[in-house]
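Below is one structure, written out as structure tokens; the observations come after it.
The values are calculated or read from the model by the stated rules, or taken from the named source; none is laboratory data. In this text, all values refer to a predicted model and were calculated from it rather than measured experimentally. Note: ideal-geometry Cβ built from the backbone for every residue, glycine included; neighbour counts use all protein chains shown.
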Amino acid sequence: MSAIEEDERDVASFPGQRPPRASVGSHRIEEEVFGKAYDPKTVRRIWAFVRPYRTKIYLSVISVLVFTATQLAIPLIIGRAIDTGMVKGGDATHLLWAVGAFAVAVLVNFGASYVQETQVGAVAENVLFDMRRAMFAQLQRVSLSFMDKTEVGRLMSRLQGDVNSMQEFLETSVLSVGDIVLLVGIVVVLLTLDFRLGLLTLSTMPVLFIVRIFWLPPAKRAFWAAHETNSITAGAMAEGINGVRTVQNLDRQKVNFDLYDDKAYNNLLTQLTGSRFAQVMVPIVDSLTGAAMAIVVVVGGSLVLNGGLEIGVIVTFLFYIQRFFDPIRSLTMQYSIMQRAMTSGRRITEVLDIPASINDKPDAVVLTRDMDGSVEFKDVVFGYSADRPVLKHVSFKVKPGETVALVGPTGSGKTSAMSLVHRFYEVQSGAVLVGGHDVRDITQESLGEQVAMVLQEPFLFTGSVFDNIRYNKASATLDDVIAAAKAVGAHEFISRLPGGYDSVLEQRGSNLSLGQRQLLSFARALVADAKILVLDEATANIDSYTERQIQKALLILLEGRTGMVIAHRLATIRGADRIIVLQNGELIETGNHDELMDLNGLYAKLYNMNYSSFDDIPDEMIAGSGPKAAST
Amino acid sequence: MTTEKVGRAYLRGDSRAHVADAHVGKGQKPLLRITLYSLRHPWQASIAIGATIIASVLQLMIPRLLGHAVDQAQGILSTGAEGAQQALLWSAMILLGVSVARGFFTLAQNYYSEAVGHQVGYELRLAFYDKVQRLSYSYHDKVHTGDLITMGLLDLDGVRMFFSTGLVRTVLLTVLIGVGAFMLLSTDWLLGLLALSFVPFVAWRSSVAQLTLRATWVTLQDKLSAMTRVMEENLGGIRVVRAFSAQKFELAKFDRASKEALELSHDRVNIRVRNTSAMTFSFFTAMGLVLWFGGNKVIAGDMSVGTLASFLTFMTILQMPVRQLGLMVNSFARASTCGDRLFAFLDEPLAIEDAPGVPDLKVTKGTLKFEDVHFTYPGANHPTLDGVSFEAKAGQTVGIVGAPGSGKSTLAHLIPRFYDVSGGKITIDGQDVSQVSLQSLRRSVAVVQQDSFLFTTTIENNIAYGDPWSKETKIEKAAESAQLHNYIMGLPADYDTVVGERGVSLSGGQRQRLSIARSLVLKPAIMVFDDSTAAIDAGTEHRIRSAMRRYASNRVTLIISHRLSSLMHADTILFLDDGKIVERGSHEELLAKGGRYSALYDLQTRPTEDLEIGSAAQ
């Protein structure tokens, strides 16, 4: 047997070696931002979101200040308590006063911390949800030409990741106010208590500052690398799980294991490096704390000896030193958070600023059910870019109640024509009229209500069968939905589902066959009960049984409606009242089946090739017929 | 290899051995098993634990030293300058020394306990990945991919971090609270009790808070992912949304999902805040009591100011670790449930693996034979295949047709042993497929699936997925045969164009052609098309077929399809119904027979006049 001959597969001969096409998992490399930490334009935009909650923000800033003040006060009170009468045989009333003051400080501290944390947290969450909603709402308005060009994943990362880093920023920035005040407060209090001792003790602070400045850039890179490799490893694992059948099918396990090992191991190294960078600060801070305490003990002791200092002050100093370095630590971190937030803020405003190119006119008409249901294309020129028209001066009229089949090879402009009826895009010149009105003069909402659309690939949402069929027609009852399902022949399989109409569709209906999903999308269009139906017939092959059901359902759907169908199947095409043949964006033939056969042009040629569907005809055969057909 | 770093190979160890080590502590309770698994790094673990003990003892010395220094400073007036200053200098030096030492031991404690966690994480990831790849289709059929990903990310983290957040923290808190309590109580039992009075309260509150937060965390994740799903589906199905003018409806849907998530996050903020505020309050209350009683003792002359100060500093030092008790409790709870799930997965028996010492498959003539094959899916009581027998020789094409659910795909999946037969046997050149090595079997049999997975990488890498060493000419040849080459050359970077989730998206038909090319690269002896041309138009399919005949004429080809035009040219056609072959023969023979096959043929070719659009309306 010579099936495996010339170039034998060499996997076994190089155990553990990585193949030239080493790919496991994918990862979008998000660049770490080392940008500006303050950008007034972005901050203004962010502030617009925070503004509605400004009273809460003011309240939380006040409580942060109060909270910080009590934190500063507590060591002072203890120091005072020691110095006023806390000697053998001293006066206990002073102590009582001090403890009283302490109790007050503690109560205020309790209240302030409660207010601060609830307010800051709630505001950050609210702002975050508002931002996400504003972006989401904007995406509902932007033109489809923008959406066509943009990956859903990219938008999602803005809706999720960027919004989350804004939340981090909002939460921490109020707290940073507290940190700054605490830092300044400690400096002031220490200097006031005893200038010389204060100055000496504080001399350890700049050391930490300088160390942090040198430490921060490499540390940030190390943390970022650890974060990156972690998500790379996670991505590779997710891919391994999602594609496991294909992996086993193609016997790629060994190769993948080695490649994954490389990623996981690299992740281990970066994690350890990140960990070292984080931990190296510990002995530095501890040593500085020790040094500060040593200074207080030695210098403070000799000051006591000279009678220049009371013992309580030393205790107060020692208390402050315990929390001396916390604000410096969090403030230096805040810088990176701000850098990230500015970048995210800019990305968020980018989404908010995408122009919604299709808007209702101020005096737009509401299209009602009693319009005649006609569709007319008047000398329409349209293209996705100005220099490459997809439709070239196309004119035709679909009379009320008529069914028109749009036919033509791939790229002839059928789908674009269909999109224009719904005003997904704007024409470059000419006009599309629905019910006698230019679509640009009608409100988009009422246009959508009167024009139902069935797309080639049925798209279902997570939710019950009932929710999917009813979709946004809130007035539809369960009976309406069942009636629609029966009409299109979907009732039978829906009833067989474990929960009937309440069964939840997993992952957009992946538990249904393609044909069944198609039928559901028909039922959805039927419930919408629009006067005009625009339908893109599915090309995918569906098993013969469901296929017939779909053909029957199509008849029901078109009954009593104006229909524009992008048709692929001969049965559909032949049954249409009129056929419009498009080629390269031009309308080249129109008429019913018999008329077009008599014409003996492109349609007749396609029909005579005897394929069961126009889509089955190889491209080059159509291309060959092009010039001839155009000349007729 | 770009990611590889040289050196420090000792950290990496032998990857295969790590996978094998996943059974360490098998049969033990999850927490014990995690501990045993972590202790496979004895050096790092001992350093971490030793450093923790030393660091906490040093930590405890600081309040004492401070108190002592305060007393020295206070006594300085009575003892006189000379000796006192000397003594103070000594105290300061010791204080500095202890602080520096504490810093370094804390560094060692944190670093080495994290290192154990990262190391364990690395090894578990390998074991997990390996297991995912080895488990058979029947396992993956019953387990949701999302659950597996959660297990590989979150459960694994829960297990990995148990050493540092659970075990080491336990040692730390035991020493800190235990030794600390002893020191305090032995100095002054009343004041000691007061100073420690906040500990039980804080420990209780912080544990309750952490456990509640953990419980609601899962719900929050669900709500957040529901919200994400609303957004994703909206953006993915934007045309449907626009077509039905459902923007307002979708916004309302988003608002509902978003509001639920928001409310829950507010609840969580409240839980956290109520507890942290209460904990701080109890701490300060205890401090106030110490100040009052201690102050009175100083006034009564029973205690020095330094001792009081050391009590107070001791409390500040103890505050943070005690608050973290909740994290420790949470770590135990998390590791226990996560470990349960993760280890159950790692211990999952492989349904399909090589029998010990099996030989490789040797393809000589290339004859595939089904001998009375029965198959029932696990848990099902009705057989999917019920006595299927047929034979296919090299160069032959066998078509398999039947209604959905008749067992066509199952039949295809049995040949490369994605499932094992329940009865009968499948042989290739007389060798039972269950008695040869899986690797050799799967390299000889290629199944082109209906819905093949597209990896996010270049088209070239995707085509060469099964054989990444293959030459470029071979890849192009395969793409040409699959009628994909012209399309690829029209892409922005032809064969280097990235496709998949994060690249250019391919249509159903293009994906199917890619997966055909992928299988062609492997040059299998047996090739099975499992409904893998459904989205490819008949013309293209015809060209693929003729190209493949040129490519290799001596392989067995199995075509499973419901479109008769895909398989009517086959040498033999099997009509499958409810797991049994009810008709077999060539296209002509079956048509002449006038049975099920010919009825289906009629259905697919008969002019469908009764179904033309006009007929119902007229």
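Here B:Val498 meets the list (1) within 11 Å of chain A (Cβ to nearest Cβ); (2) over 26 Å from the mean Cα position of the chain (by Cα); (3) surrounded by fewer than 24 Cβ atoms within 10 Å (Cβ to Cβ) almost entirely, failing just condition (2).
Yes or no, residue by residue, for (1) modelled with pLDDT of 90 or more; (2) more than 12 Å from chain A (Cβ to nearest Cβ); (3) not in a helix (DSSP H, G or I):
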position	(1), (2), (3)
B:Arg268	no, no, no
B:Asn275	no, no, no
B:Val290	yes, no, no
B:Gly306	no, no, no
B:Phe311	yes, no, no
B:Phe332	yes, yes, no
B:Ala335	yes, yes, no
B:Ile352	no, no, yes
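Within the range B:448-469, can one find any residue that is free of Cβ contacts under 8 Å to residues at least 40 places away in the same chain, over 21 Å from A:Val244 (Cα atoms) and assigned to a loop (DSSP other than H, G, I, E, B)? No - not one qualifying residue is present in the range B:448-469. Taken over the range B:542-565, the criterion of being in contact with a helix residue (DSSP H, G or I) (Cβ under 6 Å, 6 or more places away or on another chain) and of a type outside the set (A, V, I, L, M, F, W, C) is satisfied by B:Tyr551, B:Ser561, B:Ser565. Within the option set A:Glu449, A:Glu492, being surrounded by fewer than 23 Cβ atoms within 10 Å (Cβ to Cβ), at pLDDT below 85 and more than 22 Å from A:His422 (Cβ to Cβ) holds for one residue only, A:Glu492.
Can you pull out the residues in the range B:382-419 that are outside any helix (DSSP H, G or I) and of a type in the set (Ser, Thr, Tyr)? Scanning the range B:382-419 gives B:Thr384, B:Ser389, B:Thr397, B:Ser406, B:Tyr419.
For (1) over 30 Å from B:Val521 (Cα atoms); (2) within 8 Å of chain B (Cβ to nearest Cβ); (3) surrounded by 24 or more Cβ atoms within 10 Å (Cβ to Cβ), each residue gets a yes or a no:
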site	(1), (2), (3)
A:Phe223	yes, no, no
A:Ala226	yes, no, no
A:Met237	no, yes, yes
A:Val244	no, yes, no
A:Leu250	no, yes, yes
A:Val255	no, yes, yes
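B:Thr427 passes all but one of (1) surrounded by fewer than 18 Cβ atoms within 10 Å (Cβ to Cβ); (2) more than 13 Å from every other protein chain (Cβ to nearest Cβ); (3) in a helix (DSSP H, G or I); which number fails? For B:Thr427, the exception is condition (3). Of all residues in the range A:111-125 being facing chain B (nearest Cβ under 7 Å) and either farther than 26 Å from B:Leu264 by Cβ or among the polar types (S, T, N, Q) (or both), which is nearest to the chain's Cα centre (by Cα)? Ranking the candidates gives A:Thr118 first. Among the residues making up the range A:292-314, those that are free of Cβ contacts under 8 Å to residues at least 40 places away in the same chain, of a type in the set (Gly, Ala, Ser) and surrounded by fewer than 24 Cβ atoms within 10 Å (Cβ to Cβ) are A:Ala294, A:Ser302, A:Gly307. Residues in the range B:241-261 that are more than 19 Å from A:Ser475 (Cβ to Cβ), facing chain A (nearest Cβ under 7 Å) and crowded, with 21+ Cβ neighbours inside 10 Å were compared, and the one that is farthest from the chain's Cα centre (by Cα) is B:Arg242.
Every condition in (1) within 30 Å of A:Tyr335 (Cβ to Cβ); (2) within 9 Å of chain B (Cβ to nearest Cβ); (3) surrounded by 19 or more Cβ atoms within 10 Å (Cβ to Cβ) is met by A:Gln160 except one, and the failing one is (3). Scanning the range B:112-134 for residues that are without any contact (Cβ under 8 Å) to a residue 60 or more places away in the chain and at the interface with chain A (Cβ under 7 Å from one of its Cβ atoms), which turns out farthest from B:Ala20 (Cα to Cα)? The extreme case among them is B:Glu114. Annotation note: of A:Ser63, A:Ser113, the sole residue that is touching a residue at least 24 places away in the same chain (Cβ under 8 Å), buried (at least 20 other Cβ atoms within 10 Å of the Cβ), in contact with a Ser or Thr (Cβ under 6 Å, 6 or more places away or on another chain) and among the hydroxyl-bearing types (Ser, Thr, Tyr) is A:Ser113.
All of B:Gly83, B:Gly13, B:Gly67 fail the test of being of a type outside the set (S, T, N, Q) and under 47 Å from the mean Cα position of the chain (by Cα), apart from B:Gly13. Under the condition of being in a helix (DSSP H, G or I) and within 16 Å of A:Val527 (Cα to Cα), the residues counted in the range A:456-493 number 18.
A quick yes/no check of all residues on (1) closer than 17 Å to A:Val381 by Cα; (2) part of a helix (DSSP H, G or I); (3) outside the structural domain of A:Phe382 (by TED's automatic domain parsing); (4) in contact (Cβ under 8 Å) with a residue 60 or more places away in the chain:
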| site | (1), (2), (3), (4) |
| --- | --- |
| A:Gly411 | yes, no, no, yes |
| A:Ala417 | yes, yes, no, yes |
| A:Leu420 | yes, yes, no, no |
| A:Arg423 | yes, no, no, yes |
| A:Glu426 | yes, no, no, yes |
| A:Gly430 | yes, no, no, no |
| A:Leu433 | yes, no, no, no |
| A:Arg440 | yes, yes, no, yes |
| A:Gly448 | no, yes, no, no |
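For the range A:143-156, a residue qualifies if it is without any contact (Cβ under 8 Å) to a residue 12 or more places away in the chain and among the hydroxyl-bearing types (Ser, Thr, Tyr), and exactly one does: A:Thr150.
For the range B:104-117, a tally of residues being buried (at least 23 other Cβ atoms within 10 Å of the Cβ) and either closer than 18 Å to A:Ile314 by Cβ or of a type outside the set (A, V, I, L, M, F, W, C) (or both) returns 6. Could you check the range A:84-98 and list, in sequence order, the residues that are surrounded by fewer than 20 Cβ atoms within 10 Å (Cβ to Cβ) and either more than 10 Å from chain B (Cβ to nearest Cβ) or in contact (Cβ under 8 Å) with a residue 12 or more places away in the chain (or both)? Matches in the range A:84-98: A:Thr84, A:Thr93, A:His94, A:Trp97.
The residues in the range B:413-454 that are more than 29 Å from the chain's Cα centre (by Cα), hydroxyl-bearing (Ser, Thr, Tyr) and over 22 Å from B:Asp386 (Cβ atoms) can be counted, and the count is 1. Within the range A:108-202, considering only helices (runs of 4 or more DSSP H) that don't extend past its boundaries, which have at least 3 residues that are farther than 30 Å from A:Phe317 by Cα? The helices (runs of 4 or more DSSP H) meeting that bar are A:144-149, A:152-157, A:163-193. Please specify each residue of the range B:313-341 satisfying the condition of being over 24 Å from B:Asn275 (Cβ atoms) and buried (at least 20 other Cβ atoms within 10 Å of the Cβ). Correct list: B:Thr313, B:Gly339. With the condition kept exactly as written, say whether any residue in the range A:134-152 is touching a Lys or Arg at 6+ places or on another chain (Cβ under 9 Å), acidic (Asp, Glu) and under 30 Å from A:Ser416 (Cβ atoms). The answer is yes, given that some residue of the range A:134-152 is touching a Lys or Arg at 6+ places or on another chain (Cβ under 9 Å), acidic (Asp, Glu) and under 30 Å from A:Ser416 (Cβ atoms). Going through (1) more than 29 Å from the chain's Cα centre (by Cα); (2) at the interface with chain B (Cβ under 8 Å from one of its Cβ atoms); (3) buried (at least 20 other Cβ atoms within 10 Å of the Cβ) one by one, A:Ala264 falls short only on (1).
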